[in-house]
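The structure appears right after this line, and notes come after that.
The values are calculated or read from the model by the stated rules, or taken from the named source; none is laboratory data. Treat the numbers as computed from the prediction; the structure is a model and nothing was measured. Here Cβ is always computed from backbone atoms with ideal geometry, including for glycine, and neighbour counts include all displayed protein chains. All accessible areas refer to the heavy atoms of the entire protein, side chains included, with ligands and DNA or RNA removed. Shrake-Rupley method; radii C 1.70, N 1.55, O 1.52, S 1.80 Å.
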Amino acid sequence: MAEVTGLERCHVILKAAILAAKPEDRPAIRWALGGPRPVCPAAGQVELGLWFSSLVSPFLADRFEEAVANRIVERVRDFLSKPLRLTPQESLSLGHEKKLTSKAGRAYHALVADSRSEADESEALAVVRRTAGAAAALCRGKDTFVHLTAAVARVVKYLDEEPGRAGLSVQALLTELDARILRLECHAAIAPLLAGEPPPDLEEVLWRADGGKGTARHFIARLRGGTLGLVTKLGARWTWTQGGKDEVLASVPDAYFEEATRAVMASD
């Protein structure tokens, strides 16, 4: 039976999932690769909500709920493709129950409406609605995780009761959630270094190290296709290096070389 260890390294959404799981369903792994607690971008957290929504889709009550869930998911996806933000003045006016008419305001009101549960809805649909609530929070510049911690606890409950129906066990969910959070964190570190180019498709984060103040800033990830990518600081500049194993490891600063090499070799 695996004990709950390393929770201090877990993102709050993963922590909620671990605590909702039975002790025997908690994998004995090094959460966040044993490094500092991940910083998952808010938009990435909403992406996690879309994943949670897909996991509970087999548990929706009927075809009507399926239609509602599909509409909500598509609205959230559209919002993430071109995320909008309320202005500070618009956010302030919401306290006076003012209806916003800007494009961002209309998107916000639609997401809020989608987040409101109705009587007799299933908990599966509530997970989808929580994702809309997280997107609305993102639009307003508020914390998104408060919606998703409740959502993931519901997902754990469904997978515990009928893992075969969802095609995923609770243990596999926790392992994959940890990995997804690390990929989202790494993506956020890569994006500013690519001069507007789309970030690469990450398969797995192999190594991450503290870049100061308890936050991971240095990363090595395996990309789709098998090459590796490195985020690190060379001199005064943060850089992104992509290539073969030897090329990438040769670019790791001396202070991190041994631990980075050990992590990459262990993944072979």
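Would you kindly state the longest site-free stretch of the chain, with sites defined as GluC sites (Glu not before Pro) in a DSSP loop (not H, G, I, E, B) surrounded by at most 13 other Cβ atoms within 10 Å?
119-268
May I ask for the Kirkwood hydrodynamic radius of segment 153-268, worked out over all distinct Cα pairs and given in angstroms to one decimal? Each step should come with its number before you reach the end.
On the way: mean 1/r = 0.0645 Å⁻¹.
Kirkwood radius, segment 153-268: 15.5 Å.
Count the net charge of all other residues whose Cβ sits under 14 Å from the Cβ of ALA136, scoring Lys and Arg as +1 and Asp and Glu as -1.
For residues surrounding ALA136, the net value is +4.
Suppose all protein chains stay in the model; what accessible area per residue would a 1.4 Å probe give for the chain, in Å²?
Computed with neighbouring chains in place, this is 51 Å² per residue.
Using a Gaussian network model on the chain with a 10 Å cutoff between Cα atoms, which of ARG71, ARG37, ARG183 fluctuates the most?
ARG71
I'd like the FRET efficiency for ALA255 and LYS103, computed as 1/(1 + (r/R0)^6) with the beta carbon distance as r and R0 of 45 Å, rounded to 0.05.
E between ALA255 and LYS103, to the nearest 0.05, is 0.45.
Which residue, LEU182, LEU33, LEU148, tops the fluctuation ranking in a GNM of the chain built on C-alpha contacts under 10 Å?
LEU33
Which percent of the accessible area of segment 59-206 is formed by carbon and sulfur heavy atoms (probe 1.4 angstrom)?
Reported share for carbon and sulfur atoms: 50 percent.
Only Lys, Arg, Asp and Glu count, each charged at its Cβ (+1, +1, -1, -1), so figure out the dipole size of the chain about its Cα centre, rounded to 20 debye.
Roughly 980 debye, rounded to the nearest 20.
Let me confirm the definition first: pairs of Lys residues in the chain, 8 or more apart or on different chains, C-alpha distance under 29 Å. How many are there?
16
Top mean-square fluctuation among PHE59, PHE145, PHE219, Gaussian network model of the chain, C-alpha springs under 10 Å?
Between PHE59, PHE145, PHE219, it is PHE59 that shows the largest mean-square fluctuation.
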